[in-house]
Amino acid sequence: KQGNVPPESLDQLSKKSFPICMRNCHEYLRSNHHLKHGGRMQYGLFLKGIGVSLEDSLRFFREEFTKKIDAEQFAKRYEYNIYHNYGKKGSMISYTPYSCLKIIQENPVQDDCRGCPYKTSDTSALKVKLASYGLSSTHVQEVINYVTKGHYQLACGKYFQIMHESPVELGVHHPNQYFEESQNLMG
Ligand code: SF4
């Protein structure tokens, strides 16, 4: 686990060190100022795992959500859930960030960021997205080769390898592991 990660660093971190499931959530939240429950759980717990404090999480989600709703509504409808994720309300259990297996098994509704994009995106949309993230067409095809065989985690490991110019593909089993491996390589 890293030290305290301020929300101000998330735009940059999402480009460098997030797997695409979490980059997708981050970008979705930034452009839509909203995430449904499933997306908030997936992304919110990931953020907790990388070292975003409870106070910073509240501030981060509040700042985005209140571009559409007022602060009172935000407090009423969404704050409890964030406290809950950090084990500060309800059962007081501190919840664990989702693994790849859990995320891949999710059955996302169309308009949310929930799920693993290697599984949930159609191939042409995924190609466009990967190209927009800076991958060459050869690299895009290397990732897609795994996707079409249903090997989503291998696709993710290939993407990691390309993004970090690493000699080996990473064996990915958890988005937070992806993040930590990335941060280790970035020094
Ligand atoms: Fe996220 Fe895992 Fe899918 Fe990679 S394989 S995008 S880390 S759920």
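The values are calculated or read from the model by the stated rules, or taken from the named source; none is laboratory data. Computed from a prediction, not measured in an experiment: that's the story for all the values here. Backbone-built Cβ (ideal geometry, glycine too); neighbour counts: all protein chains shown.
Scan 101, 170, 154 and give me the residue that is of a type outside the set (Val, Ile, Thr), within 14 Å of the ligand (Cβ to nearest atom) and not in a helix (DSSP H, G or I).
170
Checking residue 160 against (1) within 20 Å of residue 100 (Cα to Cα); (2) more than 10 Å from the ligand (Cβ to nearest atom), which single condition isn't satisfied?
In the conditions (1) within 20 Å of residue 100 (Cα to Cα); (2) more than 10 Å from the ligand (Cβ to nearest atom), residue 160 misses (2) alone.
Is one or more of the residues making up the stretch 60-68 within 16 Å of the ligand (Cβ to nearest atom), touching a Lys or Arg at 6+ places or on another chain (Cβ under 9 Å), hydrophobic (A, V, I, L, M, F, W, C) and in a helix (DSSP H, G or I)?
Within the stretch 60-68 (the criterion being within 16 Å of the ligand (Cβ to nearest atom), touching a Lys or Arg at 6+ places or on another chain (Cβ under 9 Å), hydrophobic (A, V, I, L, M, F, W, C) and in a helix (DSSP H, G or I)), the answer is no, since none of the residues qualifies.
Can you name every residue in the stretch 138-149 that is of a type outside the set (A, V, I, L, M, F, W, C) and in contact (Cβ under 8 Å) with a residue 12 or more places away in the chain?
139, 142, 146, 148
Condition first: in contact with a helix residue (DSSP H, G or I) (Cβ under 6 Å, 6 or more places away or on another chain) and over 23 Å from residue 179 (Cα atoms). Can you find one or more residues in the stretch 99-118 that meet it?
Scanning the stretch 99-118 turns up no residue that is in contact with a helix residue (DSSP H, G or I) (Cβ under 6 Å, 6 or more places away or on another chain) and over 23 Å from residue 179 (Cα atoms).
Can you tell me which of 154, 101 is surrounded by 15 or more Cβ atoms within 10 Å (Cβ to Cβ) and out of contact with any Lys or Arg (no Cβ under 9 Å at 6 or more places or on another chain)?
Within the list 154, 101, the selection yields 154.
For the list (1) within 16 Å of the ligand (Cβ to nearest atom); (2) modelled with pLDDT of 95 or more; (3) surrounded by fewer than 19 Cβ atoms within 10 Å (Cβ to Cβ); (4) not in a helix (DSSP H, G or I), I need the number of the one condition that residue 127 fails.
Failed condition: (4).
Anything in the stretch 132-151 that is more than 17 Å from the chain's Cα centre (by Cα) and within 13 Å of the ligand (Cβ to nearest atom)? List them, or say none.
143, 146, 147, 150, 151
Please go through the stretch 83-98 and pick out each residue that is touching a Phe, Trp or Tyr at 6+ places or on another chain (Cβ under 6 Å), away from the ligand (no atom under 11 Å from the Cβ) and modelled with pLDDT of 90 or more. Write out each step before concluding.
Initial filter on the stretch 83-98 (touching a Phe, Trp or Tyr at 6+ places or on another chain (Cβ under 6 Å)): 85, 89, 97.
Add one more test, that the residue is away from the ligand (no atom under 11 Å from the Cβ), and what stays is 85, 89.
The one that is touching a Phe, Trp or Tyr at 6+ places or on another chain (Cβ under 6 Å), away from the ligand (no atom under 11 Å from the Cβ) and modelled with pLDDT of 90 or more: 85.
Condition check ((1) among the basic types (Lys, Arg); (2) closer than 27 Å to residue 159 by Cβ; (3) out of contact with any Leu (no Cβ under 7 Å at 6 or more places or on another chain)) across all residues:
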| residue | (1), (2), (3) |
| --- | --- |
| 58 | no, no, yes |
| 74 | no, no, yes |
| 84 | no, no, yes |
| 102 | yes, yes, yes |
| 133 | no, yes, yes |
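Return yes or no: is residue 159 over 17 Å from residue 46 (Cα atoms), assigned to a helix (DSSP H, G or I) and in contact (Cβ under 8 Å) with a residue 60 or more places away in the chain? Before you say what the answer is, go through the steps one by one.
On the way: over 17 Å from residue 46 (Cα atoms): yes; assigned to a helix (DSSP H, G or I): yes; in contact (Cβ under 8 Å) with a residue 60 or more places away in the chain: yes.
Spelling it out, residue 159 is indeed over 17 Å from residue 46 (Cα atoms), assigned to a helix (DSSP H, G or I) and in contact (Cβ under 8 Å) with a residue 60 or more places away in the chain.
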